[in-house]
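Data first, discussion second: the structure below is written as structure tokens.
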Amino acid sequence: MSDRARGLWHALEGSYSVEGDATGAAYSPLPAMSVGEDRDEQDVLDTNYATNRPYPTAPIPGPDKGSFPVEVPLWGLATAAGAMASPPASDVLDDILAGIFGTENTVDGEDVVSHVGAALELGSDVADVQDVLPIFEAGLPTSGVRAHWAPVIADAGAGVYTIVDPGFNFTNAAVAYGTRNFRYNANGGGPTSQWVHIHDGDEYTLFGSQWTQASIVAEVGQIAKLVGQVAYDRKVATSKLGSALPAALAGPPITPVIGTLSPVFINGVAVPTRRIEIDFGLDAQPDEASGGANGRQGHTIESIEPMITIEPHFTDAQLQLKKNQTVRSVLVQLGGGVVSGGVLGGLCVYAEQATVVEANPTSTGNRKRQNIVLKVSDAVAVGANPARFFQIFRA
């Protein structure tokens, strides 16, 4: 058997652990970078019947369940949503993020009319407070051309906004591109999923699946990835590949993002780092119910407690943030977002409020660094609006 011959397909569930499409046509191929062993974790129930003999009696099968680890490359939207354009239809990565977080929104693209410092005017009113706009103009910023993700902190209407000052000015040649964005739905996150996993010709469908661990990992010069663990309710041998299961992909629809032109901003100030890890802090719980075939009627994400870890150069100022528990916003850009061939291709993670909970010294190659861990906290409200807590944007 070839351990490398693997395929993975994904579909959101309409009903928990119920087959949505036996042909496989509704499943989307996922170009995962790594698919770990599918671990069958079905319970085995001891009987230990009283037989008047000193030996154990045969066990019986208990409820089915299992899990598998997976690493997924991150990529932006397949086409850039420019002026007066909406983001393209959801793809498999959108479905995965929607399955974790539950709330998905879109923002259309629009031309920049004017921009000076924190004052931004667009051609129409497309954004709201707490949206983050990827603005791109050829040649900017001069320190390294890339999209600049600008959090909206006030909305005066008619396309007039206050943003976090990027430190340079765009001209009316710039465009604020459209996004798909995701944030946590406090009513249990998103829907469960179904996966088709083929390993050297052996095909299984994994029903009632939910992410139990998930982190974004990005290192300098390497592909940014979503790394995690997926638990499932039941595993069934199927033959969708011989029916209507779509062909596997040779890779993502566009080039995945890598850890270059991917700055981290704490309170709007760039903090150079060699590594970024964003642990979503999922509290995923099976919804136990005696009426379920495996004692479950769902699998929900009850809460998230995101932690953002970076490795900048050591500074006392960052240590003082920890000692004083100073509240700061955190923005992580993933990928440069340089528009080319109708594609922007970047992501952004934004937390309205976080505090440093660790600031310990470390070293790489004899260079003194700091392991900074920021814990995302609830700002409760931003102006008159409920705080969105933690968001992911694709553009």
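In table form, for the structure just shown:
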| read-out | value |
| --- | --- |
| So Pro88, is it open to solvent by less than 40 Å² (accessible area, probe 1.4 Å), at pLDDT 95 or above and in a loop (DSSP other than H, G, I, E, B) | yes |
| Matching strands (runs of 3 or more DSSP E) fully within the range 274-340 where at least 2 residues are among the β-branched types (Val, Ile, Thr) | 275-279, 296-304, 307-310, 328-334 |
| Within the range 96-138, considering residues that are open to solvent by 40 Å² or more (accessible area, probe 1.4 Å) and in contact with a Leu (Cβ under 8 Å, 6 or more places away or on another chain), the one nearest to Tyr177 (Cα to Cα) | Asp111 |
| Selection from the range 359-380 of residues that are modelled with pLDDT under 95 and open to solvent by 60 Å² or more (accessible area, probe 1.4 Å) | Asn360, Pro361, Ser363, Gly365, Asn366, Arg367, Lys368 |
| From Gly383, Gly346, residue being among the small types (Gly, Ala, Ser), under 23 Å from Asn267 (Cα atoms), open to solvent by 60 Å² or more (accessible area, probe 1.4 Å) and touching a residue at least 40 places away in the same chain (Cβ under 8 Å) | Gly383 |
| Close pairs (8 angstrom Cβ cut-off, 6 or more residues apart or separate chains): over 30 Å from Gln229 (Cβ atoms) in the range 40-53, assigned to a loop (DSSP other than H, G, I, E, B) and open to solvent by less than 100 Å² (accessible area, probe 1.4 Å) anywhere | Thr47/Thr57; Thr47/Ala58; Thr47/Pro59; Asn48/Thr57; Tyr49/Thr57; Thr51/Thr57 |
| Search result, residues across the range 218-242 that are in a strand (DSSP E or B) and among the charged types (D, E, K, R) | Glu219, Lys225, Arg234, Lys235 |
| Residue, farthest from the chain's Cα centre (by Cα), within the range 200-220, restricted to residues that are of a type outside the set (S, T, N, Q) and closer than 30 Å to Pro272 by Cβ | Val220 |
| Some residue of the range 20-41 being among the polar types (S, T, N, Q) and over 30 Å from Gly259 (Cα atoms) | yes |
| Leu321 crowded, with 16+ Cβ neighbours inside 10 Å, free of Cβ contacts under 8 Å to residues at least 60 places away in the same chain and farther than 22 Å from Asp94 by Cα | yes |
| Every residue from the range 183-217 that is open to solvent by 10 Å² or more (accessible area, probe 1.4 Å) and aliphatic (A, V, I, L, M) | Ala186, Ile198, Val217 |
| When residues of the range 260-280 are limited to those that are open to solvent by less than 60 Å² (accessible area, probe 1.4 Å) and of a type in the set (S, T, N, Q), the one nearest to Ala25 (Cα to Cα) | Ser262 |
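For every residue, the table says whether it meets (1) without any contact (Cβ under 8 Å) to a residue 60 or more places away in the chain; (2) open to solvent by 60 Å² or more (accessible area, probe 1.4 Å); (3) under 30 Å from Gly365 (Cβ atoms); (4) touching a Pro at 6+ places or on another chain (Cβ under 9 Å).
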position	(1), (2), (3), (4)
Gly221	yes, no, yes, no
Ala224	no, no, yes, yes
Ala231	no, no, no, yes
Ala244	no, no, no, no
Ile258	no, yes, yes, no
Leu282	no, no, no, no
Ile304	no, no, no, no
Arg328	no, yes, yes, no
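The values are calculated or read from the model by the stated rules, or taken from the named source; none is laboratory data. Remember, it's a predicted structure, so these values are computed and weren't measured experimentally. Note that each Cβ is placed from the backbone with ideal geometry, even for glycine, and that neighbours are counted across all protein chains shown. Just the protein is used for accessible areas: all its heavy atoms, side chains included, with ligands, DNA and RNA removed. Shrake-Rupley method; radii C 1.70, N 1.55, O 1.52, S 1.80 Å.
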